[in-house]
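Reading through the structure tokens given below for one structure.
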Amino acid sequence: MCLEDLEKRVRKLSMRATEAKMNLHDLAEELPTDWEKIPEVAAATFDLFKDLSAARKDLKAARKAEA
């Protein structure tokens, strides 16, 4: 994957992770309403941040290799 593609991936994942974080925050603020959704929303947030972390590592490695 080229550097530009990696940068786009990081930006997209960052936006999605921020949205997931806000969804989790909103869910927490509304407790005890919809408490059943906690595992689903938390798992989705976890997965997005895991993907974002991996993409950032890939981007960092690609930038280092390019330098």
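The values are calculated or read from the model by the stated rules, or taken from the named source; none is laboratory data. Not measured: the values here are computed from a predicted model. Every residue, glycine among them, receives a Cβ derived from its backbone with ideal geometry; neighbour counts consider all protein chains shown.
One residue stands out in the stretch 1-36 among those that are among the hydroxyl-bearing types (Ser, Thr, Tyr) and either in contact (Cβ under 8 Å) with a residue 60 or more places away in the chain or closer than 27 Å to Arg63 by Cα (or both): the one that is surrounded by the fewest Cβ atoms within 10 Å (Cβ to Cβ), namely Thr18. Being exposed (fewer than 12 other Cβ atoms within 10 Å of the Cβ) and either in a loop (DSSP other than H, G, I, E, B) or modelled with pLDDT under 95 (or both) is not true of Pro39.
Inspect the stretch 48-62 for any residue being assigned to a helix (DSSP H, G or I), surrounded by fewer than 12 Cβ atoms within 10 Å (Cβ to Cβ), of a type outside the set (Phe, Trp, Tyr) and over 12 Å from the mean Cα position of the chain (by Cα) and give the result as yes or no. Yes, some residue in the stretch 48-62 is assigned to a helix (DSSP H, G or I), surrounded by fewer than 12 Cβ atoms within 10 Å (Cβ to Cβ), of a type outside the set (Phe, Trp, Tyr) and over 12 Å from the mean Cα position of the chain (by Cα).
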